[in-house]
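Peer 1: This is the structure, below, for whatever I ask next.
The values are calculated or read from the model by the stated rules, or taken from the named source; none is laboratory data. Since the structure is predicted, the reported quantities are computational estimates derived from the model, not experimental observations. Using ideal geometry, Cβ is built from the backbone for each residue, glycine included, and neighbour counts are taken over all protein chains shown.
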Amino acid sequence: MTIAWASFTPLSAFLGGCLIGLAALLLMAFQGRVMGVSGILGGLFGAASSGDRSWRLAFLLGVVGGPLLWQALSKVPIIWQAVASGPQFYIAAFLVGLGTAIGSGCTSGHGICGLARFSPRSFVAVMAFMTSAVATVAIVNQI
Amino acid sequence: MTRLITALIIGAIFGIGLAIAGMLNPAKVVGFLDVFGDWDPSLALVMGGGVLVNAIGLRFVLEREAPIQSAEFLLPTASSIDKPLVAGSVIFGIGWGISGLCPGPVVASLLLNSNAMLPFFGMLIAGLLLGRIVMRLVAARHLAWAEWRFYLFLSRVNGHNRPMQFFDGDSEMEPDYNAPLDYLPRIKSYYIGLGYGEPYEWAKLDHVPFTHLEKPLCEARIGIVTTASIFDPANGEQGPGAPYNGKAKFFRCYAEPITPFPDVRIAHIAIDRAHTTASDMASYFPLAAMQRLATAGYIGSVSPNFYGLPTNRSQRVTTQTDCPELLSLCRDDAVDAVVMVPNCPVCHQSVALAAAHLEAAGIATVIMGCARDIISYVGAPRLLFNDLPLGNGAGLPHDQPSQDLAARMALDLLLDACEPRTIKASPLKWVGAADWKKDYSNIALLSDAEIARLRAEFDAVKKDAADLKKAL
């Protein structure tokens, strides 16, 4: 293992992380909801009331708009470098949806919110997806 | 409206946080996950910062009675670390590792990189919907059923005649004072003590038929078989704590509708009157629990009728008359499986004989009973054993959770049992007097005067029953 100091961005990472944590905290404080993106998405389907659906849509709209606003205000383009393409890209998308639905949460729900509540369930989930993601990257890099 | 605006603003803060943190760049995310290559630890700080702010803030937020804009805090209630949690997270990790994208950043870059992200988002939603279907199947034990059929198939392929057992009989390990009461020797010495010479000869099946439930529970129609009788005020005292009442007996199988909610009583049979008053019908008639499970989607439906099986001391009448009648009543309603609840010792025999008859005809059965030794002596396909005084086969009186648990365990046994004579003990414990096992029909505890009184009483009861039978 070598550390890629050139791409290490501790300040912006920590600052961004704090904003993510703040958003999770505010959602709990105002709406009493866990900020788990996969859960918020999943709740759009099925037997949700229209009131339940509308706060989810408003939140997701904010998530879509936030980065656009940030890019426009800061004049700094948001970097995007794809790592997968073709069939792998779509298979990955499907697995992300499938896995978060079955595992009841993703990086935000289990990671930011679950760990902050010291939930053993979320701790296990984070360990599981971190391990499998690290292993996947290691395997993909070997191929 | 203000709720929606705050949700929008909070979403925007989250999106901006993701953008600043670098989470929107898949290459940076993969750089973090590439622990064995050129590792960029930045995202550990994202996670660290997020958890730190949230954890500190939550200490104050959750002190509040309620959230600012809604009625209550909706925190996850699941606490068990189960297979879906781990399997799902591993699957998610694979997708995350391949693409460097998790749901938050996908939504946040929908319009930033719409060409790549809209199709990705579409596939993510497709996976999410499939995952929700999988979870619904898991909740309905659909998958457990598939798993069970698979083991059955494997065992046939391998030439084993006995598939894998899903549970071990840990109840066998119970210390002695917890051991189930053996009714057969107790009853035998009781009647000998009362002065009846020839002990009753209990039925004993050489061969116990066995039928696998041919569909998942969530599609199955479940019938209830009871030895309780329909309440008819004309038949004398049958209320809670009523003494033995032979007049309320019935002698033919019946099918009665479950709506309006029926009233059935067990005053006509030998339940444990010293310890149980039969004041809660749900402790011996599990209709309400089954209806709750049907509403929850755990079973397909409850049969529109429930079925009464007479408690008949004559094994010939039970097997030759009652069993075929019960079968045809069950067939009329196309039930897939029945839950049978006996009450008195002879009820246990009748129900075991009926279970064998139904299984041979392709209807799966499970008995919820309190007399374990009678069921194992006679022989029955499946027994959920509730170690409670007679008259509480379906759970503790006035304790709905215990009745729901017993009902669920009985249904699960329909699926989990691999062979006849499967007995599973429920964890329910009697909450009343601890010595109920000691004093049930215990001749050693009775004085001569009491024995004489009981003998006279029993003779009268027998005569009443014989008269009633003749009159019918």
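Peer 1: Residues being touching a residue at least 40 places away in the same chain (Cβ under 8 Å) and part of a loop (DSSP other than H, G, I, E, B): count how many of those fall in the range B:274-302.
Peer 2: 14
Peer 1: I'd like the residue in the range B:319-336 that is closer than 14 Å to B:Thr226 by Cα and in contact with a helix residue (DSSP H, G or I) (Cβ under 8 Å, 6 or more places away or on another chain) and, out of all such residues, is surrounded by the fewest Cβ atoms within 10 Å (Cβ to Cβ).
Peer 2: Filtering first and then ranking leaves B:Leu327.
Peer 1: Please state which of the following conditions A:Ala29 fails to meet, knowing it meets all the rest: (1) farther than 16 Å from B:Met23 by Cβ; (2) more than 7 Å from every other protein chain (Cβ to nearest Cβ).
Peer 2: Failing condition for A:Ala29: (2).
Peer 1: Right, next: Taking interchain pairs and intrachain pairs at least six residues apart, which have beta carbon atoms under 6 angstrom, with the first residue in the range A:18-36 and closer than 18 Å to A:Ala58 by Cβ and the second among the acidic types (Asp, Glu)?
Peer 2: Cβ pairs passing all conditions: A:Gly32/B:Glu72.
Peer 1: Quick test of your reading of the structure: B:Asn54 fulfils all but one of (1) within 28 Å of A:Ser50 (Cβ to Cβ); (2) polar (S, T, N, Q); (3) at pLDDT 95 or above. Name the failing condition by number.
Peer 2: Condition not satisfied by B:Asn54: (1).
Peer 1: Of the residues that sit in the range B:272-294 and are under 23 Å from the mean Cα position of the chain (by Cα) and modelled with pLDDT under 90, which one is nearest to B:Ala248 (Cα to Cα)?
Peer 2: Narrowing the range B:272-294 to residues under 23 Å from the mean Cα position of the chain (by Cα): B:276, B:278-294.
Next, only the ones that are modelled with pLDDT under 90 stay: B:276, B:278-279.
Numbers: B:Thr276: 18, B:Ala278: 15, B:Ser279: 17 Å.
Once the filter is applied, the top-ranked residue is B:Ala278.
Peer 1: Looking at the range A:95-118 only, could you name the residues that are more than 7 Å from chain B (Cβ to nearest Cβ) and surrounded by fewer than 24 Cβ atoms within 10 Å (Cβ to Cβ)?
Peer 2: Step one: filter the range A:95-118 for residues more than 7 Å from chain B (Cβ to nearest Cβ), giving A:105, A:109-110, A:114, A:118.
Selection gives A:Phe118 alone.
Peer 1: Please count how many residues of the range B:76-95 are more than 7 Å from chain A (Cβ to nearest Cβ) and either surrounded by 14 or more Cβ atoms within 10 Å (Cβ to Cβ) or among the acidic types (Asp, Glu) (or both).
Peer 2: Residues of the range B:76-95 more than 7 Å from chain A (Cβ to nearest Cβ): B:77, B:80, B:82-83.
Filter once more, keeping what is either surrounded by 14 or more Cβ atoms within 10 Å (Cβ to Cβ) or among the acidic types (Asp, Glu) (or both): B:82.
Qualifying residue count for the region: 1.
Quick grid of which residues meet (1) within 38 Å of the chain's Cα centre (by Cα); (2) facing chain A (nearest Cβ under 7 Å); (3) polar (S, T, N, Q):
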| position | (1), (2), (3) |
| --- | --- |
| B:Ile9 | no, yes, no |
| B:Leu24 | no, yes, no |
| B:Ala44 | no, no, no |
| B:Arg59 | no, no, no |
| B:Leu62 | yes, no, no |
| B:Gly100 | no, yes, no |
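Peer 1: Within the range B:379-387, can one find any residue that is surrounded by fewer than 18 Cβ atoms within 10 Å (Cβ to Cβ), over 11 Å from the mean Cα position of the chain (by Cα), closer than 26 Å to B:Pro240 by Cα and polar (S, T, N, Q)? Walk me through it before giving the result.
Peer 2: Going residue by residue through the range B:379-387, those that are surrounded by fewer than 18 Cβ atoms within 10 Å (Cβ to Cβ) are none.
No, the range B:379-387 contains no residue that is surrounded by fewer than 18 Cβ atoms within 10 Å (Cβ to Cβ), over 11 Å from the mean Cα position of the chain (by Cα), closer than 26 Å to B:Pro240 by Cα and polar (S, T, N, Q).
Peer 1: Do we have A:Ser132 as under 28 Å from B:Ala55 (Cβ atoms), at the interface with another protein chain (Cβ under 7 Å from one of its Cβ atoms) and not in a helix (DSSP H, G or I) here? Walk me through it before giving the result.
Peer 2: Working: under 28 Å from B:Ala55 (Cβ atoms): yes; at the interface with another protein chain (Cβ under 7 Å from one of its Cβ atoms): yes; not in a helix (DSSP H, G or I): no.
Spelling it out, it is not the case that A:Ser132 is under 28 Å from B:Ala55 (Cβ atoms), at the interface with another protein chain (Cβ under 7 Å from one of its Cβ atoms) and not in a helix (DSSP H, G or I).
Peer 1: Let me ask another. Inspect all residues belonging to the range B:358-366 and state whether any of them is more than 17 Å from B:Asn386 (Cα to Cα) and buried (at least 24 other Cβ atoms within 10 Å of the Cβ).
Peer 2: yes
Peer 1: List the number of the failed condition for A:Gln81; all other conditions in (1) of a type outside the set (Val, Ile, Thr); (2) over 28 Å from B:Asp40 (Cβ atoms); (3) within 7 Å of chain B (Cβ to nearest Cβ); (4) exposed (fewer than 15 other Cβ atoms within 10 Å of the Cβ) hold.
Peer 2: A:Gln81 satisfies all of (1) of a type outside the set (Val, Ile, Thr); (2) over 28 Å from B:Asp40 (Cβ atoms); (3) within 7 Å of chain B (Cβ to nearest Cβ); (4) exposed (fewer than 15 other Cβ atoms within 10 Å of the Cβ) except (2).
Peer 1: Let me ask you something else. Which one of the conditions (1) surrounded by 16 or more Cβ atoms within 10 Å (Cβ to Cβ); (2) within 16 Å of A:Gly39 (Cα to Cα) does B:Met117 fail to meet, given that it meets all the rest?
Peer 2: Here B:Met117 clears every test but (2).
Peer 1: Is it the case, given these coordinates, that B:Glu72 is more than 7 Å from chain A (Cβ to nearest Cβ) and surrounded by fewer than 24 Cβ atoms within 10 Å (Cβ to Cβ)? Show your work before the answer.
Peer 2: Working: more than 7 Å from chain A (Cβ to nearest Cβ): no; surrounded by fewer than 24 Cβ atoms within 10 Å (Cβ to Cβ): yes.
For B:Glu72, the condition - more than 7 Å from chain A (Cβ to nearest Cβ) and surrounded by fewer than 24 Cβ atoms within 10 Å (Cβ to Cβ) - is not met.
Peer 1: For the range B:3-16, does any single residue satisfy the condition of being within 16 Å of A:Trp80 (Cα to Cα), crowded, with 21+ Cβ neighbours inside 10 Å, at pLDDT 95 or above and touching a helix residue (DSSP H, G or I) at 6+ places or on another chain (Cβ under 7 Å)?
Peer 2: Taking the range B:3-16 first, the residues within 16 Å of A:Trp80 (Cα to Cα) are B:15-16.
In the following step, the residues that additionally are crowded, with 21+ Cβ neighbours inside 10 Å were identified as B:15-16.
Retained after the next criterion (residues that are at pLDDT 95 or above): B:15-16.
Pick out the ones that are also touching a helix residue (DSSP H, G or I) at 6+ places or on another chain (Cβ under 7 Å) and you get B:15-16.
Checking the range B:3-16: at least one residue is within 16 Å of A:Trp80 (Cα to Cα), crowded, with 21+ Cβ neighbours inside 10 Å, at pLDDT 95 or above and touching a helix residue (DSSP H, G or I) at 6+ places or on another chain (Cβ under 7 Å).
Peer 1: Being under 23 Å from B:His348 (Cβ atoms) and among the aromatic types (Phe, Trp, Tyr) narrows it down to one of B:Tyr298, B:Tyr200, so name that one.
Peer 2: On the way: B:Tyr298 fails: under 23 Å from B:His348 (Cβ atoms).
Of B:Tyr298, B:Tyr200, the one residue that is under 23 Å from B:His348 (Cβ atoms) and among the aromatic types (Phe, Trp, Tyr) is B:Tyr200.
Peer 1: Pick out the one residue from B:Leu143, B:Leu111 that is modelled with pLDDT under 70 and within 14 Å of another protein chain (Cβ to nearest Cβ).
Peer 2: Numbers: B:Leu111 fails: modelled with pLDDT under 70.
Sole residue among the options that is modelled with pLDDT under 70 and within 14 Å of another protein chain (Cβ to nearest Cβ): B:Leu143.
Peer 1: Shifting gears a bit: Hey, can you tell me all the residues within the range B:396-435 that are under 19 Å from B:His348 (Cα atoms), touching a Phe, Trp or Tyr at 6+ places or on another chain (Cβ under 6 Å) and either in a helix (DSSP H, G or I) or not hydrophobic (A, V, I, L, M, F, W, C) (or both)?
Peer 2: Passing the criteria: only B:Pro420.
Peer 1: When you check B:Phe14 against the structure, is it facing chain A (nearest Cβ under 7 Å), part of a helix (DSSP H, G or I), within 29 Å of A:Gln88 (Cβ to Cβ) and in contact with a Cys (Cβ under 7 Å, 6 or more places away or on another chain), yes or no?
Peer 2: Numbers: facing chain A (nearest Cβ under 7 Å): yes; part of a helix (DSSP H, G or I): yes; within 29 Å of A:Gln88 (Cβ to Cβ): yes; in contact with a Cys (Cβ under 7 Å, 6 or more places away or on another chain): no.
Against the criterion (facing chain A (nearest Cβ under 7 Å), part of a helix (DSSP H, G or I), within 29 Å of A:Gln88 (Cβ to Cβ) and in contact with a Cys (Cβ under 7 Å, 6 or more places away or on another chain)), B:Phe14 does not qualify.
For (1) over 30 Å from B:Met281 (Cβ atoms); (2) modelled with pLDDT of 90 or more; (3) assigned to a helix (DSSP H, G or I), each residue gets a yes or a no:
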site	(1), (2), (3)
B:Phe150	yes, no, yes
B:Ser155	yes, no, yes
B:Gly159	yes, no, no
B:Tyr177	yes, no, yes
B:Pro180	no, no, no
B:Ile187	no, no, yes
B:Tyr190	no, no, yes
B:Lys204	yes, yes, no
B:Ile222	no, yes, no
